[in-house]
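Since the structure comes first, as C-alpha cells, the remarks are kept for the end.
The values are calculated or read from the model by the stated rules, or taken from the named source; none is laboratory data. Given the structure is predicted, the values throughout are model-derived calculations rather than measurements. Glycine also receives a Cβ, built like all others from the backbone with ideal geometry; neighbour counts cover every protein chain displayed.
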Amino acid sequence: MDLSVAGGTGRWDEVRWSKALNKVPKEIFVREDIYRAELQKIFYGPQWHGVAHEAEIPNPGDFKTFQLGEIPLLINRDKGGQVNVFHNACTHRGTQLEMADRGNKLQFQCPYHRWTFDTTGRLTFCPAKGEGYEPGFSYDKHPLPRLRTATFKGLIFVTLDGATPALEGYLGEVAGVLAGIMGGDGRLKLIGYHKTRLECNWKTYADVDSYHAPLLHKAFAMFNWTGGREGVQHIVKPYGHIASTSLLTLPEDRGASMLKDTSLLEFRGEDPRNGSRVVKMFPMFGAVKHLDVINLRFTNPIGWDATELHYAYFAHQDDDEAMLKHRIRQSSNLIGPSGCISLEDAAVYHRQHIGSRTPGTIQFQKGVQSTSDFNYSFSQKDEASNLIKWEYYRSIMGFGRDV
Amino acid sequence: MVALDELQLRYVDALDRRDMKSWLASFSQKGEASYICTTAESVEGNLPVSMMLDDCRARLEDRVTFITKIWAGTFQDYRMRHFVQRIHQERDGDLWRVRTNFRVTCTPIGRDQRTDTVAGVYEDVVDCSGAEPLFLSKRAIADDSVLPRYLVYPI
C-alpha cells in the first residue's frame, strides 16, 4: 500500500474484507478512489441524507446553503411557506448562485449574466427577456433543479435517486427516538451552531461508538457520572441506523466537586427517560439529546480526508425564557468541538485517520457475540452495533468478503 | 491606552504560554465577568450558542478546570501565537470599550499536522476602577464560521 498519498494498490473494488465479520479493512479510509466511488454509490445513490431542519429557515425567504457530497445545495422557505432544496447553481452557465451560509432573500440573482430566480426556483428574469436566445426559449424551461425531499417532524432529508424507498420505511425504528430528541413534535427554535472541520475520512466520524464515551471523555469519571443505565440500541435493518436510548442519570453532586457553575449538568426536562437519546443514521446524519441539549448533526465529506460537521442546536417553541437561556448555556459548553464531554473526539478521529494508513484491519470487540454471524441485540455501551452499518456499506459498495 | 494594551498583551501572552491561571487573572473578580468565543455568522444571525459561553466568573473558573484537569492528557496539544492590533477604544466612566483585531495560529505538537489560523476581532469591556485594568467582558468573534477541529483554549 502507498502510505504517502491517498491510494492503494490495485483496483478499489478488489479490496477484500475479512471472513471475520468484526473486521473492517483500513484501506477504505485512506483511498481517494474509494471516496470517489462512495460519492456515486452512497451520497448520490438511493439513500436519504439529513441536511437541515425547518426551524433553521422559519420565515419566508430564509435560506441556508449546504453540500451533499460535492454538490452545493440551496435550502430555502419560499414566499408561500414551502420548503425547497435546489441545486445551488444557475441554470445558465452553472455559476454558484448563493454564497452565504444563511440569510433571507426573496430572489436569487446570478452575478454573471443576471439570471434571476424567485423563492420557488422559477426563473423570473433574463437580460432582454430572452431575446436572441435559442428558439422556443422560455423562463418556464429553466427553473432551478430540485432534489427529491421528504421531511420528518421538520427534519429535511434529500436524495438524488428516484428509487430511494420512502423516508418512513428508511427511518424505521429510528423515528420514535428521533422524534423524542426533537421534543416529540419537531416544533423547534434554532439557537445556534458549532461548525468544525474534522481531519478524517467521513466514515471515521460516522463510526463513532458509545463504548468510548466514559473511556475517552474523562469528564464522566471525574464527575462520577455513569450513564447508559437501562440502555439499549435499536438497529434498523438493512441500513444499520442506530437509535440508542438510556435512562438519564446525573452525578449525585451535580459536578459540584469539580465545577463552580453546576448548571452545566442540570436537567430541567420532566422525563428522565427522554434525557439521553442518540440517533446515528447511514451514512452520516446524527441527532443527540444530552440533558436539555437538542442537537442535530449535519455532516458532509470534504474530500477523502476531511469532514465538515455542523452541530445545530435548538430550543423547543414552548420553552419559557428560563428554559431557553438554560439550553443556550448548556448547548454552548457541554458538547461540540469545545464541549466539556466531547472535545476529545476530534483529536482521536485524526489519530484514527493517520493510523488507517497502516496495513490490516480495524476490529470491533465490545458486544461481538460471533465473528461469523450478525446479532442485532446490543446494550447501550456496545460498539458491535456499528457492524450492521458496515455490512450494509460493504454490500452496496460491492466489496467481496473472504470465505 | 498603554494600560489597555498592556492588559491585552498579558492576556495573549498567557494563552501563548498556555498558562490558564494567568489567563483567568486578566479578568475581573466581579461575578458578571465573562468570556465568549463565537463566530461572525452567529453574531450576525443573532444566534446565541457560542463555542465557549462563560457568562459569569464561575464559568471562567470552570474553563480553567476543563483545560487543566478534565481534558488534561486527552487531546493533541497545540502551540498558539496571538497577533493583536487595537483598532478602537471608547471611554465610559471607569469602563473602556475596546475593539482589537486578532490573528491566532494554532500549531499541533507532533507529526503529520498543519498550522491552523483563526482571525477575528475582540470586543472587550475593560474595568479600570481598581488598581489595574481587568477584563469585565471579552468576546472573541471569529471571522470563519467553520473552525478547525477543536478549540481547547480560549482565543
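Cβ-Cβ contacts under 6 Å between residues 6 or more apart (or on different chains), taken from a first residue in region B:56-72 that is over 16 Å from residue B:37 (Cβ atoms) to a second residue that is part of a helix (DSSP H, G or I), are listed as B:68/B:20; B:70/A:218; B:70/A:219; B:70/A:222.
Is there a residue being part of a loop (DSSP other than H, G, I, E, B) and over 18 Å from residue A:149 (Cα atoms) anywhere in region A:36-58? No, because not a single residue in region A:36-58 is part of a loop (DSSP other than H, G, I, E, B) and over 18 Å from residue A:149 (Cα atoms). Taking the condition more than 21 Å from residue A:278 (Cα to Cα) and either assigned by TED's automatic domain parsing to the domain that holds residue A:218 or buried (at least 23 other Cβ atoms within 10 Å of the Cβ) (or both), does residue A:310 pass? Here the answer is no, as residue A:310 does not meet what is asked.
Every condition in (1) closer than 23 Å to residue A:170 by Cβ; (2) crowded, with 17+ Cβ neighbours inside 10 Å is met by residue A:338 except one, and the failing one is (1). Evaluated against (1) within 13 Å of another protein chain (Cβ to nearest Cβ); (2) within 17 Å of residue B:26 (Cα to Cα), residue B:94 falls short on exactly one condition, (1).
Residues are listed down the side, and each one gets a yes or a no for (1) charged (D, E, K, R); (2) in contact with a helix residue (DSSP H, G or I) (Cβ under 9 Å, 6 or more places away or on another chain); (3) over 22 Å from residue A:160 (Cβ atoms); (4) not assigned by TED's automatic domain parsing to the domain that holds residue A:302:
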site: A:54; (1), (2), (3), (4): yes, no, no, yes
site: A:58; (1), (2), (3), (4): no, no, yes, yes
site: A:67; (1), (2), (3), (4): no, no, no, yes
site: A:73; (1), (2), (3), (4): no, no, no, yes
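On the stretch given as region B:73-106, residues that are charged (D, E, K, R) and farther than 19 Å from residue B:6 by Cβ total 4.
Of all residues in region B:127-155, those satisfying the criterion of being closer than 30 Å to residue A:349 by Cα, more than 9 Å from chain A (Cβ to nearest Cβ) and assigned to a strand (DSSP E or B) are B:139, B:140, B:141, B:142.
Only a single item in (1) in contact with a Lys or Arg (Cβ under 6 Å, 6 or more places away or on another chain); (2) within 30 Å of residue B:64 (Cα to Cα); (3) among the polar types (S, T, N, Q) is not met by residue A:226, and it is number (1).
For (1) buried (at least 20 other Cβ atoms within 10 Å of the Cβ); (2) β-branched (Val, Ile, Thr), each residue gets a yes or a no:
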| position | (1), (2) |
| --- | --- |
| A:245 | yes, yes |
| A:272 | no, no |
| A:280 | yes, no |
| A:301 | yes, no |
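So in region A:247-269, with the set limited to residues that are part of a loop (DSSP other than H, G, I, E, B) and among the small types (Gly, Ala, Ser), which one is farthest from the other protein chains (Cβ to nearest Cβ)? It comes out as A:269.
Of all the residues in region A:134-189, those that are buried (at least 17 other Cβ atoms within 10 Å of the Cβ) and among the polar types (S, T, N, Q) number 3.
Scanning region B:6-15 for residues that are buried (at least 16 other Cβ atoms within 10 Å of the Cβ) and either in contact (Cβ under 8 Å) with a residue 24 or more places away in the chain or over 24 Å from residue B:109 (Cα atoms) (or both) gives B:7, B:8, B:11, B:12, B:15. If the condition is being surrounded by fewer than 21 Cβ atoms within 10 Å (Cβ to Cβ), in contact (Cβ under 8 Å) with a residue 60 or more places away in the chain and of a type outside the set (Ser, Thr, Tyr), then region B:137-146 contributes B:139, B:143, B:144. Among the residues of region A:312-320, are any without any contact (Cβ under 8 Å) to a residue 60 or more places away in the chain and within 27 Å of residue A:264 (Cβ to Cβ)? Yes, that holds for at least one residue.
On the stretch given as region A:223-243, residues that are buried (at least 18 other Cβ atoms within 10 Å of the Cβ) and either within 14 Å of chain B (Cβ to nearest Cβ) or of a type in the set (Lys, Arg) (or both) total 2.
Mind checking whether some residue in region A:375-395 is farther than 30 Å from residue B:149 by Cβ, assigned to a loop (DSSP other than H, G, I, E, B) and among the polar types (S, T, N, Q)? Looking for residues that are farther than 30 Å from residue B:149 by Cβ, assigned to a loop (DSSP other than H, G, I, E, B) and among the polar types (S, T, N, Q), one finds at least one in region A:375-395, hence yes. The set of residues in region A:270-296 being touching a strand residue (DSSP E or B) at 6+ places or on another chain (Cβ under 6 Å), within 14 Å of chain B (Cβ to nearest Cβ) and not aliphatic (A, V, I, L, M) consists of A:295 alone. For region A:326-374, what are the residues that are among the polar types (S, T, N, Q), outside any loop (DSSP other than H, G, I, E, B) and more than 14 Å from every other protein chain (Cβ to nearest Cβ)? Selection gives A:361, A:363. The strands (runs of 3 or more DSSP E) found wholly in region B:10-114 and carrying at least 2 residues that are farther than 21 Å from residue A:335 by Cα occupy B:78-92, B:95-108. Only one of the numbered conditions (1) within 18 Å of the chain's Cα centre (by Cα); (2) within 14 Å of chain B (Cβ to nearest Cβ); (3) in a strand (DSSP E or B); (4) of a type outside the set (A, V, I, L, M, F, W, C) is violated by residue A:151, and that is (2). Out of B:51, B:80, one residue alone is more than 10 Å from chain A (Cβ to nearest Cβ) and in contact (Cβ under 8 Å) with a residue 24 or more places away in the chain. It is B:80.
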